[in-house]
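The values are calculated or read from the model by the stated rules, or taken from the named source; none is laboratory data. Values in this document were obtained by computation on a predicted structure and should not be read as measured data. Positions of Cβ are generated from backbone atoms using ideal geometry, with glycine treated the same way; all protein chains shown enter the neighbour counts. Side chains are part of the model used for accessible areas, which takes the heavy atoms of the whole protein and leaves out ligands, DNA and RNA. Shrake-Rupley method; radii C 1.70, N 1.55, O 1.52, S 1.80 Å.
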Amino acid sequence: MTDQHYNFAYLDEQTKRMIRRALLKAVALPGYQVPFASREMPMPYGWGTGGVQVTAATLTPDDTLKVIDQGADDTTNAVSIRKFFERTAGVATTTATAEASVIQTRHRIPEEDLTEDQILVYQVPIPEPLRFLEPRETETRKMHALEEYGAMHVKLYEDISRHGHIATAYAYPVKVEERYVMDPSPIPKFDNPKLESRALQLFGAGREHRIYALPPHTKAVSLDFDDHPFDPSKAPHPCGLCGAETSYLDEIITDDRGGRLFACSDTDFCARRRAAGHVGPALEAAL
Amino acid sequence: MTPLLSVHGLTKTYGAQIGCADVALELHPGEVLGVVGESGSGKSTLLSCMAGHLTPDAGEVVFDTRAEGPRDVLKMSEPERRMLGRTDWAFVHQNPRDGLRMGVSAGGNVGERLMAVGARHYGEIREAATDWLARVEIAETRVDDRPSTFSGGMQQRLQIARNLVTAPRLVFMDEPTGGLDVSVQARLLDLLRGLVRDLGLSAIVVTHDLAVTRLLAHRLMVMKGGRVVEAGLTDQVLDDPQHPYTQLLVSSVLQV
């Protein structure tokens, strides 16, 4: 039931136009961070205010929305944002990746391959990949403009010198179309290869007032060294519930005696496999 | 022979205040030029203008580039100038904190310039970094320590290593020994002199310490009120100062 006191999808039409203009610019310059006049949203910063604004500007009444938080459809963040758009936009919602036309995500890319008809919206906490090395915004903008990305490798160098391998496991920087270095938001590096997708990917950072985008089929190369190549690693286990060998896993502590369960972080993917008859080792033991 | 760097009519004013006025100089390959003068005499302004950190109001700074021969640095585009700043030029700050990344290990600091010009092989970068640390007398075991755990003298030597790793042809030094105690100063000067001689570096050293110029510089320029009042061979200027201000400067050196 749409709440008639709000404009469609909460934001007023002028704000949505402003965000759409920023989105068009972002799509035209893949990986470039476009400043936009981020609005106060009825939720705290860090809960996806940027993603919500991008979703609001992208939604049409015919869309079907899916919201995921760390891969799951049933965590607080996902549930509250889904309810928010059910109430303010009245759009259909789903948990099935294939049925959604707009997917707002936090920290994951769905396991299932996306299509040209889908839009993936990311919630981004810190859009600036160079922030670790250069705290000044004026300087980082200049570094982007002049393609001075040597410093980016210093971060990876520090990882290797301290840990023996590139220990950056999430928010792993990518170079987009051999031009802009981009922070793919805190997705695990396991998901980095999936950034080259058939879907349109939009990134919104509410607190930092930035929007950026990866159009379909855009090249996004993870940075690495010749002698320490990029490795999209995952936990070396099958999913305990559905037995999947290729999905990204969450480690779940099950008791205080060292018991643990590795399960797909993408709950929709896992449920779908179980419905199709796949059974993982942990589920098998319980039956 | 083409000078490596030639400066003509370099002027920088801060409103009505003169930073430096109508400065001209020439620097040949392998030569070290000292710039001395009291605080506020415009020597740091001059250095910043030449190194591209400040935009002068008038004048030209012609550098003999590797690829295209002599070019006016001030007319270069910013990417070109910054590229020059990372490759053929080096800038040693008085305070090592300005020239180092304090949150990054010593090896990372030295390696950064290599990575900035496209080095992408971890093993080679690390090898170059440890090699340079050894050349500035920092133990190999400290390669993964942060500069914040280093003493002031070590930080300054690290800054020098970080600057010289890309084999620059011209080094700008702003009071390289300022803020260090006397024995550390002596060691640093010794090290610098060795590096300048071995690598055939050209350098412009700004300092208020006449002893530093005596040890390092071949030629000397004395500045006062933004203008060059006297220039010549170091020994000649220090032993037989002509301008009253230079005479004052030389006579005010404390003798122990």
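If a residue must be within 14 Å of another protein chain (Cβ to nearest Cβ) and outside any helix (DSSP H, G or I), how many such residues does the range A:120-154 contain?
11
Restricting attention to the range A:152-167, does a residue exist that is among the hydroxyl-bearing types (Ser, Thr, Tyr) and over 20 Å from A:Thr115 (Cα atoms)?
Of all residues in the range A:152-167, those among the hydroxyl-bearing types (Ser, Thr, Tyr) come to A:157, A:161.
Now restrict to residues that are over 20 Å from A:Thr115 (Cα atoms): A:157, A:161.
Yes: one or more hits.
Output the residues belonging to the range B:126-138 that are open to solvent by less than 50 Å² (accessible area, probe 1.4 Å) and either at the interface with another protein chain (Cβ under 10 Å from one of its Cβ atoms) or touching a strand residue (DSSP E or B) at 6+ places or on another chain (Cβ under 6 Å) (or both). Show your work before the answer.
Let us first name the residues in the range B:126-138 that are open to solvent by less than 50 Å² (accessible area, probe 1.4 Å), namely B:128-130, B:132-133, B:136, B:138.
Within the range B:126-138, B:Ala129 is the sole residue that qualifies.
Among B:Ser48, B:Ser39, which is the only one that is at pLDDT 90 or above and among the small types (Gly, Ala, Ser)? It would help to see each step written out before you state the result.
Values: B:Ser39 fails: at pLDDT 90 or above.
Every option except B:Ser48 fails the conditions.
Just to verify a result, which residue in the range B:130-147, among those that are assigned to a loop (DSSP other than H, G, I, E, B) and within 18 Å of B:Arg187 (Cβ to Cβ), is farthest from the chain's Cα centre (by Cα)? Lay out the reasoning, then the answer.
Residues of the range B:130-147 that are assigned to a loop (DSSP other than H, G, I, E, B), as a first pass: B:136-139, B:143-146.
Filter once more, so that each one left must be within 18 Å of B:Arg187 (Cβ to Cβ): B:136-139.
Details: B:Val136: 16, B:Glu137: 20, B:Ile138: 21, B:Ala139: 24 Å.
Among those residues, the one meeting the criterion is B:Ala139.
Have a look at B:Val222, B:Val253 and point out the one that is in contact (Cβ under 8 Å) with a residue 40 or more places away in the chain, at negative phi and crowded, with 18+ Cβ neighbours inside 10 Å.
Numbers: B:Val253 fails: crowded, with 18+ Cβ neighbours inside 10 Å.
From the options B:Val222, B:Val253, the qualifying one is B:Val222.
Give B:Glu112, B:Glu26, B:Glu78, B:Glu31 a once-over and let me know the one that is in contact with a helix residue (DSSP H, G or I) (Cβ under 9 Å, 6 or more places away or on another chain), among the acidic types (Asp, Glu) and surrounded by fewer than 20 Cβ atoms within 10 Å (Cβ to Cβ).
Values: B:Glu112 fails: surrounded by fewer than 20 Cβ atoms within 10 Å (Cβ to Cβ); B:Glu26 fails: in contact with a helix residue (DSSP H, G or I) (Cβ under 9 Å, 6 or more places away or on another chain); B:Glu31 fails: in contact with a helix residue (DSSP H, G or I) (Cβ under 9 Å, 6 or more places away or on another chain).
Only one candidate qualifies: B:Glu78.
Among the listed residues B:Phe150, B:Phe172, which satisfies the condition of being crowded, with 17+ Cβ neighbours inside 10 Å and more than 17 Å from the chain's Cα centre (by Cα)?
Details: B:Phe172 fails: more than 17 Å from the chain's Cα centre (by Cα).
Every option except B:Phe150 fails the conditions.
Checking B:Gly59 against (1) facing chain A (nearest Cβ under 8 Å); (2) on the phi > 0 side of the Ramachandran plot; (3) not charged (D, E, K, R): exactly one of these is not met. Which one?
Of the numbered conditions (1) facing chain A (nearest Cβ under 8 Å); (2) on the phi > 0 side of the Ramachandran plot; (3) not charged (D, E, K, R), the odd one out for B:Gly59 is (1).
Listed here are the residues, each with its yes/no results for (1) among the acidic types (Asp, Glu); (2) within 19 Å of the chain's Cα centre (by Cα); (3) over 16 Å from A:Gln201 (Cβ atoms).
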{"residue": "A:Phe8", "(1), (2), (3)": "no, no, yes"}
{"residue": "A:Gln14", "(1), (2), (3)": "no, no, yes"}
{"residue": "A:Val27", "(1), (2), (3)": "no, yes, no"}
{"residue": "A:Gln33", "(1), (2), (3)": "no, yes, no"}
{"residue": "A:Ser80", "(1), (2), (3)": "no, yes, yes"}
{"residue": "A:Lys83", "(1), (2), (3)": "no, no, yes"}
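Inside the range A:51-70, can you point out the residues that are assigned to a loop (DSSP other than H, G, I, E, B) and open to solvent by less than 10 Å² (accessible area, probe 1.4 Å)? Steps first, please.
First, the residues of the range A:51-70 that are assigned to a loop (DSSP other than H, G, I, E, B): A:59-63, A:70.
Listed by number, the list holds a single entry, A:Leu59.
How many residues does the range A:155-178 hold that are more than 14 Å from chain B (Cβ to nearest Cβ), at pLDDT below 95, open to solvent by 50 Å² or more (accessible area, probe 1.4 Å) and part of a loop (DSSP other than H, G, I, E, B)?
Within the range A:155-178, residues that are more than 14 Å from chain B (Cβ to nearest Cβ), at pLDDT below 95, open to solvent by 50 Å² or more (accessible area, probe 1.4 Å) and part of a loop (DSSP other than H, G, I, E, B) number 1.
Can you pull out every residue in the range B:110-120 that is within 8 Å of chain A (Cβ to nearest Cβ) and closer than 15 Å to B:Met154 by Cβ?
Residues satisfying the conditions do not exist here.
Under 6 Å between Cβ atoms, which residue pairs at least 6 apart in sequence (or on different chains) link something in the range A:63-78 that is under 10 Å from A:Ile103 (Cβ atoms) with a partner that is part of a loop (DSSP other than H, G, I, E, B)?
Partner pairs satisfying both residue conditions: A:Thr64/A:Thr94; A:Thr64/A:Ala100; A:Thr64/A:Ser101; A:Leu65/A:Val91; A:Lys66/A:Thr94; A:Lys66/A:Ala100.
Go through the range A:180-203 and count every residue that is assigned to a loop (DSSP other than H, G, I, E, B), closer than 21 Å to A:His144 by Cα and out of contact with any Pro (no Cβ under 6 Å at 6 or more places or on another chain). Let's see the steps before the verdict.
Restricting attention to the range A:180-203, the residues satisfying the condition of being assigned to a loop (DSSP other than H, G, I, E, B) are A:183-187, A:196-199.
Still in the running and closer than 21 Å to A:His144 by Cα: A:183-186.
The next check asks that each one be out of contact with any Pro (no Cβ under 6 Å at 6 or more places or on another chain); those that pass are A:184-186.
Qualifying residue count, the range A:180-203: 3.
Across the range B:72-104, what is the number of residues that are farther than 16 Å from B:Leu54 by Cα, within 14 Å of chain A (Cβ to nearest Cβ) and assigned to a loop (DSSP other than H, G, I, E, B)?
6
Taking the range A:206-232, which residues are in contact (Cβ under 8 Å) with a residue 60 or more places away in the chain and in a loop (DSSP other than H, G, I, E, B)?
Correct list: A:Gly206, A:Arg207, A:Glu208, A:His209, A:Pro215, A:Pro216, A:Thr218, A:Leu223, A:Asp224, A:Phe230, A:Asp231.
So is A:Ser197 out of contact with any strand residue (DSSP E or B) (no Cβ under 6 Å at 6 or more places or on another chain), away from every other protein chain (no Cβ under 14 Å) and surrounded by 21 or more Cβ atoms within 10 Å (Cβ to Cβ) or not?
yes
Every residue in the range A:12-50 that is among the basic types (Lys, Arg) and either open to solvent by 10 Å² or more (accessible area, probe 1.4 Å) or assigned to a loop (DSSP other than H, G, I, E, B) (or both), please. Full working, then the answer.
At the first step, the residues of the range A:12-50 found to be among the basic types (Lys, Arg) are A:16-17, A:20-21, A:25, A:39.
Within the range A:12-50, A:Arg17, A:Arg20, A:Arg21, A:Lys25, A:Arg39 meet the criteria.
Within the range B:211-255, which residues are within 18 Å of the chain's Cα centre (by Cα) and closer than 19 Å to B:Thr45 by Cα? Lay out the reasoning, then the answer.
Within the range B:211-255, the subset within 18 Å of the chain's Cα centre (by Cα) is B:211-223, B:234.
Scanning the range B:211-255 gives B:Thr213, B:Leu220, B:Met221, B:Val222, B:Met223.
Taking the options B:Gly69, B:Gly107, B:Gly123, name whichever one is surrounded by fewer than 17 Cβ atoms within 10 Å (Cβ to Cβ) and either within 11 Å of chain A (Cβ to nearest Cβ) or touching a strand residue (DSSP E or B) at 6+ places or on another chain (Cβ under 8 Å) (or both). Please lay out each step first, then the result.
Values: B:Gly69 fails: either within 11 Å of chain A (Cβ to nearest Cβ) or touching a strand residue (DSSP E or B) at 6+ places or on another chain (Cβ under 8 Å) (or both); B:Gly107 fails: surrounded by fewer than 17 Cβ atoms within 10 Å (Cβ to Cβ).
None of the others qualify; the one that does is B:Gly123.
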